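> Please see the structure below; I have some questions.
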């Protein structure tokens, strides 16, 4: 069997309803952008799961590396003062 | 990569598994874990795709427009499930083309159940009730499998399987409220599918060499025998409500265990079907290969069109 060149991979994001973010739902192969949208409609929204679809070529996504997750996210780790619970406010102060 | 860094990555992996957290595509993982997940997800994806054939066989002969629309939707879902799972499998670094080749060349398997023929329209109902019912038993725990993309695909699949099982059961209920001949068709169909449905959970635990490692890694969540027991316990009251007899003389409630006792499927038959000698193995693969070969020009033409750009 001859191995054919594959259609490029697209990552698919669906907005479930107005007011919500697009959320990643999976991926699929398509020859071009328009086909990616049509396939996404058939594969990921057969039961009214969405009102809007984004299809993004997987090779265009820039991602952080899992190997670097410690140094990348470390700066947030020791900044407890960024959280509201860091500040002691008397219980009887209303609306805080 | 130094030995220490390697040990760190392995410890990270073990810790993630221990905390029942998910492993994600770009995480380091032992090669054997990767190979095991690829094998299981590929087999699962192939089962969905081959599973379109036994029921697809009846689309043109559905007894009403309503049944035809339902069956079309169901078979389309199976295609969708195959696609979710192929995508999950590809995140582990295997290509769609490789997976298709391995299915067609027999290097990867699919569920033995799809090597049995569908001889009457009642089989559409029985497959929905028993085969999809068994699939649900298998798949619900897999929503918590340790490999993230597989678990997420299973959540989507499980949401849709419920429709499959219910449409099948409703079809059988409709036939059971029909003529004696229709009731006999249902019973005959259940007689043929009961044992192959029990085989869907795989060999008994004692003969399932991969189970222990797969469970330690959180890829599988329950043993074959536990899932089989659960399926039997679920099916008995459903069979009673339907008015059919499950073809197992040993089937009986065991008060002490709080479960049904039941007979063993014919494991020699199971081994024969898995190794390629089932009633429809050759036909299923030949059909898949023909569809793939005949679609080659479409895949090529779409790529050629895309290469020209959109401003034609």
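> Please give the calculated 222 nm ellipticity per residue for the protein assembly as shown, where each DSSP H segment of at least 4 residues contributes -39500 (n - 2.57) and the sum is spread over every residue; nearest 500 deg cm²/dmol?
Computed ellipticity for the protein assembly as shown at 222 nm equals -17000 deg cm²/dmol.
> State the extension gain, in nm to one decimal, for the chain segment bounded by residue B:300 and residue B:257, taking 0.36 nm per residue of separation less the distance between their alpha-carbons.
9.6 nm
> What's the angle, to the nearest 10 degrees (0 to 90), between helix A:33-44's Cα axis and the longest principal axis of chain A?
70 degrees
> Among B:235, B:120, B:214, which one shows the highest mean-square fluctuation when chain B is modelled as a Gaussian network with alpha-carbon springs under 10 Å?
Of B:235, B:120, B:214, the Gaussian network model singles out B:120 as fluctuating most.
> May I ask you to derive the relative contact order of chain B, considering only C-alpha pairs under 8 Å and at least 6 residues apart, and to give it as an integer percent?
19 percent
> Another question, if that's okay. Counting partner chain Cβ atoms within 10 Å of every residue's Cβ in B:197-208, what's the average?
The mean count of partner-chain Cβ atoms within 10 Å per residue comes to 0.
> While we're here: Could you work out how far apart the two model spin labels at residue A:69 and residue B:162 are, taking each label as a point 7 Å from the Cα in the direction of the beta carbon, and quote it in nm?
Here the modelled spin labels are 3.1 nm apart.
> Peptide B:160-170: average number of partner chain Cβ atoms within 10 Å per residue?
0
> Shielding by partners for A:24-33, please: the mean number of other protein chain Cβ atoms within 10 Å of each residue's Cβ.
For this peptide, the per-residue mean of nearby foreign Cβ atoms is 6.
> Within a 10 angstrom radius of the beta carbon, how do B:174, A:85, B:91 rank from fewest other beta carbons to most?
A:85, B:174, B:91
> Anyone know which of A:41, A:57, A:82 comes out most mobile in the 10 Å Cα GNM of chain A?
For chain A, modelled as a Gaussian network with Cα springs under 10 Å, the answer is A:82.
> With a 10 Å cut-off between alpha carbons and a GNM built on chain A, which of A:26, A:77, A:16 moves the most?
Per the Cα network of chain A with a 10 Å cutoff, A:77 tops the list.
> A follow-up question, please. Does the protein assembly as shown classify as rounded, prolate or oblate by the C-alpha gyration tensor (a ≥ b ≥ c root eigenvalues; a/c under 1.5 gives rounded; else a/b over b/c gives prolate, otherwise oblate)?
Prolate is the answer for the protein assembly as shown, as a/c is 1.5 or above and a/b outweighs b/c.
> Under 8 Å for C-alpha pairs, at least 6 residues apart: give me the relative contact order for chain A, rounded to a whole percent.
Taking the mean separation of contacting Cα pairs over the length of chain A, I get 26 percent.
> Okay, moving on. Any idea how far the Cα center of region B:207-247 sits from the one of region A:19-63, in Å?
When both Cα centres are located, 35 Å separates them.
A short reminder: the numbers here are calculations on the coordinates, not readings from a lab. Since the model is a prediction, treat every value here as computed from it, not as a measurement. So basically every Cβ, Gly included, is an ideal-geometry build from the backbone, and we count neighbours across all protein chains shown.
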